[in-house]
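The numbers here are math on the coordinates, done by the rules we state, and not lab data. Keep in mind that this is a model prediction, so the values were computed, not measured. Cβ placement follows ideal geometry from the backbone for every residue including glycine, while neighbour counts extend to all protein chains displayed.
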Amino acid sequence: MEKPKRVPAFTPYYTEDQAGQVRAAFKAAGLQEGDASVSDLIVRATMREVNRLQRKYNGGKPWPPVPAGGLRRGQRTMDEMRQRDEGK
């Protein structure tokens with residue numbers, strides 16, 4: 001029997017408040033929106049944003065996929081957080 005392919009995974013980092021809101025949104029509207037799980041909600045919302053970015057920055061076309069391991073892992077550094085906050 002062939003071993004099933006592993007699903008490439010991401011682990012988004014949420015603050016407690018953000019995570020609470022994600023759970024609340026799923027609990028309040030997830031089933032009505034067709035989401036069977038919080039993961040479904042997160043994937044659907046993320047792909048909607050990916051599609052928006054593709055339209056804005058790539059002529060509406062998909063980018064070539066980046067393979068697993070092709071991005072830096074982990075949370076932002078303190079310097080990256082500071083730069084992000086200064087850009088607001």
Work out the length of the dipole vector of segment 8-88 about its Cα centre, built from +1 on the beta-carbon of each Lys and Arg and -1 on the beta-carbon of each Asp and Glu, and round it to the nearest 20 debye.
340 debye
Among 54, 30, 41, whose Cα projects farthest towards the positive end of the dipole of segment 23-63, with charges put on the beta-carbon of Lys, Arg (+1) and Asp, Glu (-1)?
54
Give the average over all directions of the projected area of the C-alpha convex hull of the chain, one decimal, in nm².
9.2 nm²
How far apart, in nm, are the 7 Å Cα→Cβ label points at residue 15 and residue 63?
2.6 nm
For the chain, what does -39500 (n - 2.57) per DSSP helix run (n ≥ 4), summed and divided by total residues, give at 222 nm, in deg cm²/dmol to the nearest 500?
-14000 deg cm²/dmol
